[in-house]
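Trainee: One structure is given below, represented as structure tokens, and several questions about it will come after.
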Amino acid sequence: MNNNIIAIIAISFIVVGSLWGIGNIISQNNVQLSKSEGVLLLMKDNKFNVTNPDINVKVNQPLKISIANQDFRKHDFIVDELNANTGFISSGQDFTTVIASDKEGVLRYYCSIHPGIMEGKIIVKN
């Protein structure tokens, strides 16, 4: 009797987990952000916005960055010079942060899982 209950619970978890996974695969994330609100980075196919774009920031002016993971695997967003690290963002999740720098320069942003493939530049100018 107890074995049957355990089997039913295990099967229920498998079915619910499978349905959740299939839902994430077939659903399209409709993350929208207007240009005036900041920058939107979509994580997909081991790239940020397909091209790993340069992000332009003005000195001492905070910039909002929204990051949405539309890939099948987890990713993160790291900027070492700014001590920015989102932690892992799972498929279907998003994260919003603000970056700012008090000096000009070129900073590197990247995913720690795919550092040579999934990286770009933050260009800080006056």
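Trainee: Kindly provide the set of residues from segment 68-121 that are in contact with a strand residue (DSSP E or B) (Cβ under 8 Å, 6 or more places away or on another chain) and either charged (D, E, K, R) or outside the structural domain of P53 (by TED's automatic domain parsing) (or both), ordered by number.
Mentor: D71, K74, D76, D80, E81, D94, K103, E104, R108, E119, K121
Trainee: Surrounded by fewer than 12 Cβ atoms within 10 Å (Cβ to Cβ) and modelled with pLDDT of 90 or more: which single residue out of N56, N4, N60 fits that description?
Mentor: Every option except N60 fails the conditions.
Trainee: Across segment 50-67, what is the number of residues that are touching a strand residue (DSSP E or B) at 6+ places or on another chain (Cβ under 9 Å), in a loop (DSSP other than H, G, I, E, B) and closer than 19 Å to V106 by Cα?
Mentor: Counting residues in segment 50-67 that are touching a strand residue (DSSP E or B) at 6+ places or on another chain (Cβ under 9 Å), in a loop (DSSP other than H, G, I, E, B) and closer than 19 Å to V106 by Cα gives 6.
The values are calculated or read from the model by the stated rules, or taken from the named source; none is laboratory data. Quick caveat, the model's predicted, so the values are computed rather than measured. Quick reminder, even Gly has a Cβ in these numbers, built from the backbone with ideal geometry, and neighbours come from all protein chains shown.
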